[in-house]
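> Below is the structure I would like to discuss, written out as structure tokens.
The values are calculated or read from the model by the stated rules, or taken from the named source; none is laboratory data. Note that the coordinates shown come from a computational prediction; the quantities given were computed from them, not determined experimentally. Cβ placement follows ideal geometry from the backbone for every residue including glycine, while neighbour counts extend to all protein chains displayed. Just the protein is used for accessible areas: all its heavy atoms, side chains included, with ligands, DNA and RNA removed. Shrake-Rupley method; radii C 1.70, N 1.55, O 1.52, S 1.80 Å.
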Amino acid sequence: MATAAESRPPNIVIIFADDLGYGDLGCYGHPNIRTPHLDRMAAEGMRFTEFYSAAEVCTPSRAALLTGRYPIRSGMCHDQFRVLRSRSLGNLPDSEITLAEALKTKGYATGAIGKWHLGVPQFNPGGHPRKHGFDFYFGLPHSNDMDSTPLAPKAAPKLAEQKAEWWNAPLYRDEKIIERPAEQTTLTRRYTDEAVKFITANKAKPFFLYFPHTFPHTPLFASKDFLGKSPRGLYGDVVEELDASVGRVLDTLRQEKLAENTLVFFTSDNGPWLIMNQQGGSAGLLREGKGSTWEGGMRVPGIAWWPGKIKPTVQRTMASTMDLFTTSLKLAGAEVPNDRAIDGLDIRPLLFGIGTVEREAYFFYRGTRLMAARSGDFKAHFMTQASYGQPKHDEHTPPLLFNLKLDASEVHNVATNHAAVLNQITQAVEKHRAALKPAPSQLVDLAPLGKP
Ligand code: MG
């Protein structure tokens, strides 16, 4: 006889690190950042070697995960502003259907804990997570460096020594600011406390926990239990505390006997912020980082865990954060919206080892510019750009072409040897562009560009 837990749809937990690079976890080859909980999660579950975020910076990446759509479709990207700032008016449009809204149609309890970055409720109540399907919210509305006090030196995010009084990000509980500036040293621990509480309080019904961490985005802060402990220095301290947070979430699911009815997915919103020097992470063998559509900017760790359902596997088929939208809805038995383009695919065949997933092409946007496209093992770059903070871009005619299976670091351009592949990718881009209806930018700033 089916138990109550088996007959109800699975819980969904998405843990989303901020600016964590492909090479920053033990299970992805980092030599001295210690991540035993994520390593165990990967060993028990599915570790993707070619998992992509849908943008190379925070705001569009989050919009894509929660809507299953390239951010150009929602207008949550823009060549000038690129991300929401602490004095922005824009927000995720009400017309978008978020994963939380769609899961609510199946009776899910929904909570968002952590960095939102899809609207600034202080200036725009429509930007609040509770206006986009979440019953509960606890966290910062934007990046932790986006509202600084006059005490902060200009290079503050890069400095090894960080002072709490430099920063002024507000901490929300639902609609209320409960702390300003947010005490960032204890933020990861407090987010985790809230996540454990949310899971425990909602264990009797299906739930969706969206858990986008504030870190390891700079400025970096760790609690006293982790500060000064990692051989990798402060960045390692911060990642090791995130790892412990994942361990607490998984332990809670085990203790509450929910593990076998919960899909947990861990990933990152974009690659490492390389210009932060020692305060930034590593993309491992991948080229470039945050802000770039080279692999290091968008290929990120991706770990799926569901004891009894997902077998221990290394998954070498590509997948994306947008797929989490479609896949979660399928798992919940909810409708995938059919009145709009949805870019995420149903990757249940990969997760459960029961088949393949056909993807014609995957597109790499920077703002509204389609920079690159991948089809099969090959990726063509029409334009390239170095990491965040380095504005110059290069156009490539003919495009650069790399075989990602043979050359993950994108060093050896093979365009001249594979004219047919290049032609096929170019046609896929033209087809995508012809069908695309870009939304107007939602990213409107109150403050002049460059001011927090
Ligand atoms: Mg980010």
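> Under the classification rounded if a/c is under 1.5, otherwise prolate if a/b is larger than b/c and oblate if not, where does the range 362-435 fall, given a ≥ b ≥ c as square roots of the Cα gyration tensor eigenvalues?
oblate
> Express the accessible area of the range 320-452 per residue in Å², computed with a 1.4 Å probe while the remaining protein chains stay in the model. Each step should come with its number before you reach the end.
On the way: 6490 Å² over 133 residues.
About 49 Å² of surface per residue is accessible.
> Summarise the accessible area of the range 7-351 (1.4 Å probe, protein heavy atoms) by the percent that is carbon and sulfur.
Working: 5560 of 10900 Å².
Carbon with sulfur: 51 percent of the solvent-accessible area.
> Further question: What ranking do 427-436, 168-177 get when scored by the average of other Cβ atoms within 10 Å per residue, highest first? Before the final figure, lay out the partial values.
Working: 427-436: 12.8, 168-177: 16.8.
Ranked by mean Cβ neighbours within 10 Å, highest first: 168-177, 427-436.
> Placing +1 on the Cβ of each Lys and Arg and -1 on the Cβ of each Asp and Glu in the chain, which of Asn417, Thr397, Asn144 has its Cα farthest towards the positive end of the resulting dipole?
Farthest along the dipole direction, towards plus: Asn144.
> How far is the Cα center of the range 61-110 from the Cα center of the range 14-32, in Å?
Each part's Cα centre sits 24 Å from the other's.
> Considering amide H positions built from the backbone, and no H for Pro or chain starts, which residues 5 or more places from Ala17, or on another chain, come under 5 Å of its amide H?
Amide H neighbours of Ala17: His213, Thr267, Ser268, Asp269.
> Then there is this: log10 I(q)/I(0), Debye, Cα-only the range 231-290, no solvent, q = 0.12, 0.15, 0.24 Å⁻¹?
-0.43, -0.61, -1.00
> Highest mean first, how do 202-208, 127-133, 418-424, 60-66 rank when packing is the count of other Cβ atoms within 10 Å averaged over residues? Kindly include the intermediate steps, with their values, before the conclusion.
Working: 202-208: 18.9, 127-133: 22.9, 418-424: 14.3, 60-66: 30.1.
Top of the packing list down: 60-66, 127-133, 202-208, 418-424.
> While we're on this one: Less than 11 Å Cβ to Cβ from Gly284, Lys/Arg counted +1 and Asp/Glu -1: what total charge do the surrounding residues give? Let's see the in-between values first.
Details: positive: Arg287, Arg299; negative: Asp24, Glu295.
Here the charged neighbours net out to 0.
> Using only the Cα atoms of the range 185-291, build the gyration tensor, take square roots of its eigenvalues as a ≥ b ≥ c, and label the shape rounded, prolate or oblate: rounded if a/c is under 1.5, else prolate if a/b is larger than b/c, else oblate. Walk me through the numbers before you get to the answer.
On the way: a/c = 2.54, a/b = 1.75, b/c = 1.46.
Prolate, since a/c reaches 1.5 and a/b exceeds b/c.
> So, one more: State whether the range 295-452 is rounded, prolate or oblate according to the following rule on the C-alpha gyration tensor (a ≥ b ≥ c being the square roots of its eigenvalues): a/c under 1.5 gives rounded; otherwise a/b larger than b/c gives prolate, and the remaining case gives oblate.
Numbers: a/c = 1.63, a/b = 1.20, b/c = 1.36.
Taking the square roots of the gyration eigenvalues as a ≥ b ≥ c, the range 295-452 is oblate.
> Could you report the range 245-287's accessible area per residue, 1.4 Å probe, as an integer in Å²?
Numbers: 1530 Å² over 43 residues.
Accessible area per residue: 36 Å².
> Using unit Cβ charges (K, R positive; D, E negative) and no other charged atoms, how large, in debye to the nearest 20, is the dipole of the chain about its Cα centre?
On the way: 52 positive and 48 negative charges, 75 e Å.
With Lys and Arg at +1 and Asp and Glu at -1, about 360 debye.
> Which residue, Gly114, Trp167, Gly90, has the largest displacement toward the positive end of the dipole of the range 65-169 when charges sit on each Cβ (Lys, Arg +1; Asp, Glu -1)?
My answer, from the dipole projection, is Gly90.
> Now for a different question. For the chain, count all C-alpha to C-alpha pairs, find those more than 31 Å apart, and express that count as a whole percent of the total.
35 percent
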